[in-house]
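The values are calculated or read from the model by the stated rules, or taken from the named source; none is laboratory data. Since the structure is predicted, the reported quantities are computational estimates derived from the model, not experimental observations. Positions of Cβ are backbone-derived with ideal geometry, glycine not excepted, and every protein chain shown enters the neighbour counts. Areas reflect the complete protein model, heavy atoms only, side chains present, ligands, DNA and RNA absent. Shrake-Rupley method; radii C 1.70, N 1.55, O 1.52, S 1.80 Å.
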Amino acid sequence: MFVVENEFKNANISRTVRFTEPLFEKLNEVAAQNDVSFNLLVLQCCKYALEHQAPAEETKE
């Protein structure tokens, strides 16, 4: 289960990412509900997705 936490103290690489409006709004909402920054939430979402990603062989079937 995904749980929002206050981590990633040394996130210092800047990158531009484009979001769809509905996704951007939902991420902002979740960040506000959990009292974390938008950036922190996006970092945690990416980390969670990578840690729970199916192996490449499974996604080809």
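Please indicate, with yes or no, whether at least one residue in the range 24-31 is small (Gly, Ala, Ser) and either modelled with pLDDT under 95 or more than 11 Å from the chain's Cα centre (by Cα) (or both). No, the range 24-31 contains no residue that is small (Gly, Ala, Ser) and either modelled with pLDDT under 95 or more than 11 Å from the chain's Cα centre (by Cα) (or both).
Taking the conditions (1) at pLDDT 90 or above; (2) open to solvent by 100 Å² or more (accessible area, probe 1.4 Å); (3) acidic (Asp, Glu) in turn, GLU58 satisfies each one other than (1). Among the residues making up the range 1-35, those that are closer than 24 Å to GLN53 by Cβ, assigned to a helix (DSSP H, G or I) and open to solvent by less than 100 Å² (accessible area, probe 1.4 Å) are PRO22, LEU23, PHE24, LEU27, VAL30, ALA31. Of all residues being part of a loop (DSSP other than H, G, I, E, B) and without any contact (Cβ under 8 Å) to a residue 24 or more places away in the chain in the range 36-52, which is nearest to VAL4 (Cα to Cα)? Just the residue, please. Checked the range 36-52; the qualifying residue nearest to VAL4 (Cα to Cα) is SER37.
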